[in-house]
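Remarks on the structure that follows.
Just so you know, all these numbers are worked out from the coordinates, no wet-lab data involved. Remember, it's a predicted structure, so these values are computed and weren't measured experimentally. All Cβ positions, even for glycine, are placed from backbone atoms using ideal geometry, and neighbour counts span all protein chains on display.
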Amino acid sequence: MDSRVAVIAILVHDPDSVEALNGLLHEFGQYIVGRMGVPYPKRDVNIISVAVDAPQETVSALSGKIGRLNGVTAKTVYAPAEKPEKTH
């Protein structure tokens with residue numbers, strides 16, 4: 001199965017969901033290329049981006065499970081399936 005590169009953007013509004021979120025990220029850890037988290041206390045939210053390289057079904061499964069957590073929003077952006085041709 002072909003692997004896709006994607007970024008999952010996660011907004012955490014409910015601190016009680018952090019443990020479950022970290023559990024999911026650990027469960028899918030073999031696909032995670034890197035992650036960055038930024039607390040934003042002014043808006044009472046944590047902003048997390050997770051770069052993954054996995055089959056599309058796996059990325060969708062992870063994003064869906066994250067998005068079902070209470071007080072957590074997740075959206076995924078995929079890199080093109082094929083490298084774009086150079087225009088030069």
### Message
Can you compute log10 of I(q)/I(0) for the chain with the Debye formula, treating each Cα as one identical point scatterer, at q = 0.11, 0.15, 0.19, 0.24 Å⁻¹?
### Response
-0.32, -0.56, -0.82, -1.19
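Only sites in a loop by DSSP and with at most 13 other Cβ atoms within 10 Å count here; which trypsin sites (Lys or Arg not before Pro) in segment 44-88 make the cut?
Answer in residue order: Arg68, Lys86.
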### Within the chain, helix-based [θ] at 222 nm, where runs of 4 or more DSSP H residues each add -39,500 (n - 2.57), nearest 500
-7500 deg cm²/dmol
### Message
Given an 8 Å cut-off on Cα distances and at least 6 residues of separation, report the relative contact order of the chain as a percent.
### Response
44
### Query
What is the packing order of peptides 56-64, 22-30, taking the mean over residues of other C-beta atoms within 10 Å and listing the highest first?
56-64, 22-30
